[in-house]
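> The structure is given below, and queries will be raised subsequently.
The values are calculated or read from the model by the stated rules, or taken from the named source; none is laboratory data. Predicted, not measured: the structure shown is a model, and the values here were computed from it. Cβ sites come from the backbone with ideal geometry, for glycine too, and all protein chains shown count toward neighbours. Ligands, DNA and RNA are stripped out before the accessible areas are found, and what is left, the full protein with its side chains, is counted by its heavy atoms. Shrake-Rupley method; radii C 1.70, N 1.55, O 1.52, S 1.80 Å.
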Amino acid sequence: MKLLEKTLGSIVGIDRGIEAVALKRLADQARPQGSLGVLEPLSARLAAIAGVIDVKLEKKVVVTCAGDHGMVEEGVSLFPQEVTEQMVHNFVIKGASINVLAKHAGAESLAADIGVKAEFDPTLPIIHKKVARGTENFTKGPAMTREQAVAAIEAGIEIVDELVAEGRLDMLGTGDMGIGNTTPSTAIIAVLSGEKVEDLTGRGTGINDAALQRKIDVIKKGIAVNHPDPTDPIDVLAKVGGYEIGALAGLVLGAAAHGIPVVCDGFISTAGALIAGDLAPISKEYLFASHRSVEVGHTFMHDHLGVDPLLDLGFRLGEGTGAALTMELLDASTRILADILTFEEVAIKDPHTKG
């Protein structure tokens with residue numbers, strides 16, 4: 001808890017003065033005001049995070065947090081749990097979707113074991129932060145203890161601390177891997193939003209109608225059995241969450257504490273951002289929502305966070321794929337702020353001024 005408390009106490013707001021300067025420069029550029037749409041306020045917020053107008057996002061990293069879930073035994077997923085372990089090995093050999101899209105974005109892709117049921121060779125080139133070998137089945141009791149929930153969050157914070165110490169991080173992307181993890185993610189937004197489970201539950205990897213109803217029933221049972229406190233995000237995480245979801249929350253908090261922009265991926269990554277945002281509302285100033293997935297509950301998550309996703313591509317994969325694509329947009333936004341000249345700089349009369 002000491003690391004978590006220290007991190008929460010280290011998060012401060014972004015520089016609104018620099019943001020105002022950036023917005024003024026954008027308005028003075030030799031083009032119609034507002035003509036580059038959402039890239040303009042994005043660039044201003046990135047300037048406010050960095051404290052400079054000419055922001056450089058050269059060192060990009062996407063961290064894909066992996067964990068397994070005890071309630072998979074209730075039949076909520078199309079794929080067997082062993083796939084989590086197999087996909088971690090695929091990340092290592094750079095054969096997964098995130099590896100390809102991160103490379104295209106000029107980002108480093110890293111996999112982190114937070115709670116995979118399998119044991120990995122300690123020499124395997126992943127980030128080894130295992131809290132436990134998968135969560136418990138939350139239809140029978142809490143998914144984890146409160147201490148384990150804190151440990152998962154702190155694992156994410158530690159990852160950011162280590163990347164920063166190594167000088168490898170200007171922008172962070174969050175991603176996930178874990179068979180069945182749309183189920184705890186749905187449970188989290190159900191508790192925090194108070195919305196009906198039926199209105200929030202999607203098909204995950206592509207389950208049929210019968211499995212969808214089973215998934216709804218499992219989520220309802222998990223909430224009824226555990227009574228998670230919606231005013232206590234750690235309690236929610238412990239009762240119905242996942243280890244990788246906790247680490248995803250820690251990534252957001254760690255990035256905010258270091259003044260680094262963090263790009264949230266899809267449904268599961270956003271569940272982690274929900275926990276972080278409720279623990280430290282100011283951390284949301286550093287958070288960028290990459291895309292809206294086809295999971296029906298994702299919109300409710302964005303509404304709870306008060307963020308607007310930048311892309312809507314029909315994605316339903318996770319891993320950090322949407323975050324990687326969005327990094328390219330954010331990188332581009334920094335260049336429009338710093339490199340497009342103002343009317344004064346090119347000696348063109350500004351049509352917005354008198355005289």
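> How large is the convex hull of the Cα atoms of the stretch 200-355 per residue, expressed in Å³ as a whole number?
In the stretch 200-355, the Cα convex hull volume per residue is 149 Å³.
> Also: Working out 0.36 nm times the residue gap between residue 104 and residue 229, then minus their Cα-Cα distance, what length gain in nm do you get to one decimal?
Gain on stretching residue 104 to residue 229: 40.9 nm.
> By DSSP, what percent of the beta bridges with both residues in the chain are antiparallel, rounded to the nearest 5?
Roughly 5 percent of the DSSP beta bridges within the chain come out antiparallel.
> If you don't mind, another one. Report, in debye and to the nearest 20, how large the dipole of the chain comes out about its Cα centre when Lys and Arg carry +1 and Asp and Glu carry -1 on their Cβ.
In debye, rounded to 20, the chain gives about 300.
> Would you mind telling me which residue in 148, 81, 213 has the biggest mean-square fluctuation in a Gaussian network model of the chain, where springs connect alpha carbons within a distance under 10 angstrom?
In the Gaussian network model the winner is 213.
> Okay, moving on. Quantify, in whole percent, the carbon and sulfur part of the accessible surface of the stretch 185-232 (1.4 Å probe; protein heavy atoms only).
49
> For residue 312 and residue 86, what is the calculated FRET efficiency with R₀ set at 25 Å and r taken between the beta-carbons, to the nearest 0.05?
0.25
> What is the spin-label model distance, in nm, from residue 217 to residue 5 if the labels are put 7 Å beyond Cα along the C-beta direction?
Between residue 217 and residue 5, the label points sit 4.5 nm apart.
> Something else now. Give the Debye-formula value of log10 I(q)/I(0) at each listed q (0.12, 0.21, 0.22 Å⁻¹), with one equal scatterer per alpha carbon of the stretch 4-126, two decimals each.
-0.73, -1.12, -1.17
> Take peptides 39-48, 200-209 and line them up by average Cβ neighbours within 10 Å, highest first, as a rough protection proxy.
Ranked from most to least packed, the peptides come out as 39-48, 200-209.
> Within the set of other residues whose C-beta is less than 9 Å from the C-beta of residue 45, count the net charge using Lys and Arg as +1 and Asp and Glu as -1.
-2
> Over the chain, what is the relative contact order in whole percent, taking alpha-carbon pairs under 8 Å and six or more residues apart?
26
> As a check on your grasp of the helix formula, calculate [θ] at 222 nm for the chain: sum -39500 (n - 2.57) over DSSP H runs of n ≥ 4, divide by the residue count, round to the nearest 500.
-15000 deg cm²/dmol
> Next question, about the same structure. Let me know the charge dipole size of the stretch 143-241 about its Cα centre in debye, to the nearest 20, where only the beta-carbon of Lys, Arg (+1) and Asp, Glu (-1) is charged.
My answer is approximately 620 debye.
> List the DSSP H helices in the chain whose Cα atoms stretch 24 Å or more along the helix axis and whose mean Kyte-Doolittle hydropathy is at least 0.0.
Flagged H segments are 146-165, 209-226, 321-339.
> Turning to a different aspect of this structure: Per residue, how much accessible surface does the chain expose to a 1.4 Å probe? Answer in Å², no decimals.
For the chain, the solvent-accessible area averages 40 Å² per residue.
> If a/c stays under 1.5 just call it rounded; otherwise compare a/b with b/c (prolate if a/b is bigger, oblate if not). Do that for the stretch 160-277, with a ≥ b ≥ c from the square roots of the Cα gyration tensor eigenvalues.
Prolate shape, in that a/c is at least 1.5 and a/b is the bigger ratio.
> Let me ask something else about it. Lysines near residue 2 by alpha-carbon distance under 26 Å, same-chain residues fewer than 8 away left out - which ones?
129, 130, 239, 284
> For the pair residue 16/residue 198, report the inter-label distance in nm, with labels modelled 7 Å from Cα in the Cβ direction.
In this crude spin-label approximation the distance works out to 4.4 nm.
> Shifting gears a bit: Just to be sure I understand, if you calculate Kirkwood radius over Cα pairs in Å for this structure, which of (i) 22.1; (ii) 23.2; (iii) 20.4 do you get?
Computing Kirkwood radius over Cα pairs in Å and matching it to (i) 22.1; (ii) 23.2; (iii) 20.4 gives (iii).
> Starting from the exponent 0.38 and prefactor 2.2 Å, build the expected Rg for the stretch 104-211 from its residue count and divide its actual Cα Rg by it.
Working it through for the stretch 104-211, the quotient is 1.26.
> Answer with one residue from 297, 138, 62: the one whose Cα lies farthest towards the positive end of the charge dipole of the chain, charges on Cβ with Lys, Arg +1 and Asp, Glu -1.
Farthest towards the positive pole: 297.
> Taking the Cα centre of the stretch 1-146 as origin and charging only Cβ (+1 Lys, Arg; -1 Asp, Glu), how large is the dipole, in debye to the nearest 20?
520
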